[in-house]
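What follows draws every value from the coordinates through simple rules; no lab data is involved. Everything numeric in this text was worked out from a predicted model, so none of it was measured. Cβ atoms come from the backbone with ideal geometry, glycine included; neighbour counts cover every protein chain shown.
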Amino acid sequence: MSVRADVLLWAQRVIARQGAAAHQILEIAPGSGPEAAQEAFHRIARMAHPDLHRRTLPPDELELVTTAYARAAAAYQELRGLRSTTRMRPIRDAAAPAVPTTTVIPTSPPSNKAVAVPDELASSPPRMASKALVHYRKAELALRRGELTGAVLHLKMAIASDPQSAFLRSALAEVEAEVTKKP
C-alpha cells in the first residue's frame with residue numbers, strides 16, 4: 001500500500017472513533033504507560049503529520065488528515081496530562097493574585113525610567129496550554145506571511161492542545177472566514 005493510502009486509512013479510523021478514549025485513538029492498550037503513548041504518538045507524527053502531506057494531498061484529504069492528527073495530538077496530551085498530574089503538584093495556588101493589567105518595561109539601564117504598556121498593545125492571548133500557545137504564535141506568523149491555510153492548520157493544532165479555549169475557536173472561525181473570501 002502507498003503512504004498516501006496508509007495515512008488516509010489511519011485518518012478515517014481516527015475520525016470514525018468520535019468520542020473514543022485516548023488510548024483507542026493512539027491505538028495502544030488500555031493502561032499502557034506514558035512511554036507507550038509517546039512512542040505511539042511519535043509513530044503517528046512520522047507517518048501522518050499534516051506538514052508531510054501539505055503538497056501531496058488535495059485540500060479535502062489534507063483537512064481529514066489534519067483533523068485526525070489534531071485528535072491524536074489531543075489524545076497524547078491527555079495521556080501526558082494524566083501522567084504529569086500524578087507526579088507533580090501545581091506551582092501556584094488557585095487563589096493566586098491576578099496578573100496586573102499593565103506590564104512595566106524598563107528602558108535603558110542608566111535612565112531608571114519605566115514605560116507602562118497596556119496589555120492590549122502587548123497582544124497576549126488569554127491563558128491557554130503551552131502547546132496551544134506555541135501553535136497560536138505559529139498561526140500568527142503564518143498570517144503575517146499571508147499563509148491562511150498554514151494559519152488554519154496551526155489554529156486547529158492549538159485547539160487540539162486546548163480544546164476548551166473559546167478564544168482559539170473564535171480565532172479559527174475568523175481565519176476560516178478569510179479563507180472563504182480569498183479566490
| query | Taking the alpha carbon gyration tensor of region 1-77, what are the square roots of 5 times its eigenvalues, largest first, to the nearest whole Å? | reply | 22, 13, 10
| Quick one: Karplus J couplings for region 36-41, per residue in order, coefficients 6.51, -1.76, 1.60, θ = phi - 60°, nearest Hz, x for Gly and Pro? | 5, 5, 5, 4, 5, 5
| query | If you project the alpha carbons of region 124-183 onto their three principal axes, what span does each projection cover, largest first, in Å? | reply | 34, 19, 18
| Suppose every K and R has +1 on its Cβ and every D and E has -1 on its Cβ; what is the size of the dipole of region 124-183 about the Cα centre, in Debye to the nearest 20? | 140 debye
| note | Simple SL model, points at 7 angstrom along Cα→Cβ for residue 1 and residue 141; separation in nm is 3.4 nm
